[in-house]
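Have a look at the structure below, then the notes.
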Amino acid sequence: MRILSGLQPSGRLHLGNYFGMMQPALQLQHEGEAFYFIADYHSLTSVRDPLLLRQHCQDLALDFLACGLDPEKAVFFRQSDVPEVCELSWLLSTVTPMGLLERCHSYKDKTARGMEAFHGLFAYPVLMAADILLYDSDVVPVGKDQKQHVEVTRDIAKSVNHLYGEILKIPEPRIQESTAVVPGLDGQKMSKSYNNIIPLFAPEKALRKIIMQIQTDSTPVEDPKDPDSSLIMTLYKLVADPEAVAKMEHDFRAGGTGYGDFKQRLFEAIWLKFEAPRQRRAELVADPAYVAQVLAGGAGRARSVARVTLERVRKAMGLGA
Ligand code: ADP
Ligand code: TRP
């Protein structure tokens, strides 16, 4: 089984990215041949500062490795180190109906929020299809918001196969339902674009300050509170062990504890949960040569697979001699 996924280097890694995509993807690296990449071509649709893009790429590489990506198991690379993906993207675009892209929520949401409708943003799902199809992927672990893009990929691959013979593998999205949509500080989906994120690797003081911003109702300290409708509780369940969760639920119902105390417990649980990755990350920051070597090795392995698929598609479509 080949597993593939990517993350855009467009900001700080947050709990939504981690629980929605990274953790499930990292678990899968033990179950098959994993290809994970930093989607820097995609980030060009939102990051216009070259220095910042490089910094985000470096940060995301550190994040992946710190969280447990094993370069011996998974092929880990930067998308733009395999430019073959751009050629496949063009080939796929020739069979992609405009209507398929016009229906994509992500494009509609972004333009509705004021992003200019550049062609790259519109064609984003075609490049994503190329990422997936270039590596003959079977399974694509992603958060729920990316499911539609994997469905578009399937449609595009089926069109190619219909026109040119069975040359592309049809991938399946893999969504971990329990963490498909992690809420942010305001209760909406956690997202960089909504300014409501909890970053994994913020410094202690900054992280505590962020957690204290979680929205709550105005129930007085002494009154009982409803754990089932609380954002604090939802987030706590992701990071705390079952006994601690049961204790917090009990304390919610009993009354006498304020939201500030619950937030403090949540902060401590998050801090503890990412203690080991934080340390590993600090070690990796001090060893940029190692990170560069991992990415170069991954690019080489990815490229050799990519070339074979691309050649197959070019030939089937009538390109080359
Ligand atoms: P953002 O919305 O912050 O820009 P991305 O769109 O870059 O995040 O998402 C990267 C990956 O993380 C995708 O697979 C996406 O589905 C997943 N993801 C992002 N936010 C969440 C969330 N709040 N809950 C679950 N998964 C998420
Ligand atoms: N679009 C994905 C996101 O915003 C990133 C991505 C690019 C991706 N190419 C991919 C994810 C291929 C899975 C497979 O998170």
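To keep it simple, each residue is scored yes or no on (1) of a type in the set (Asp, Glu); (2) in the same structural domain as PHE35 (by TED's automatic domain parsing); (3) more than 22 Å from LEU7 (Cα to Cα).
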| site | (1), (2), (3) |
| --- | --- |
| GLY165 | no, yes, yes |
| ILE211 | no, no, yes |
| VAL221 | no, no, yes |
| ASP226 | yes, no, yes |
| LEU231 | no, no, yes |
| PRO242 | no, no, yes |
| LYS247 | no, no, yes |
| HIS250 | no, no, yes |
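Considered as a group, the residues in the stretch 153-173 that are outside any helix (DSSP H, G or I) and touching a helix residue (DSSP H, G or I) at 6+ places or on another chain (Cβ under 8 Å) include one that is farthest from ALA34 (Cα to Cα), and that residue is GLY165.
Checking the stretch 34-49 against the condition returns a match, with at least one residue being open to solvent by 50 Å² or more (accessible area, probe 1.4 Å) and small (Gly, Ala, Ser).
Would you check which residues across the stretch 118-160 are open to solvent by 10 Å² or more (accessible area, probe 1.4 Å) and more than 15 Å from ligand 1 (Cβ to nearest atom) and list them? Of everything in the stretch 118-160, those that are open to solvent by 10 Å² or more (accessible area, probe 1.4 Å) and more than 15 Å from ligand 1 (Cβ to nearest atom) turn out to be PHE118, HIS119, GLY120, PHE122, ALA123, ASP136, ASP138, ARG154, ASP155, LYS158, SER159. Scanning the stretch 96-143 for residues that are within 24 Å of PRO83 (Cβ to Cβ), in a helix (DSSP H, G or I) and of a type in the set (D, E, K, R) gives a single hit, ASP131. Applying the condition of being outside any strand (DSSP E or B) and open to solvent by 10 Å² or more (accessible area, probe 1.4 Å) to the stretch 1-12 and asking which residue is nearest to ligand 1 (Cβ to nearest atom) yields GLN8. Out of curiosity, is GLY318 without any contact (Cβ under 8 Å) to a residue 40 or more places away in the chain and on the phi > 0 side of the Ramachandran plot? Yes, satisfied. Taken over the stretch 14-47, the residue count meeting the criterion of being touching a residue at least 40 places away in the same chain (Cβ under 8 Å) and either in a helix (DSSP H, G or I) or within 9 Å of ligand 1 (Cβ to nearest atom) (or both) is 19.
The values are calculated or read from the model by the stated rules, or taken from the named source; none is laboratory data. Note that the structure is predicted; figures quoted are calculated from it, not measured. Note that each Cβ is placed from the backbone with ideal geometry, even for glycine, and that neighbours are counted across all protein chains shown. What goes into the accessible areas is simple: the full protein's heavy atoms, side chains included, and nothing from ligands, DNA or RNA. Shrake-Rupley method; radii C 1.70, N 1.55, O 1.52, S 1.80 Å.
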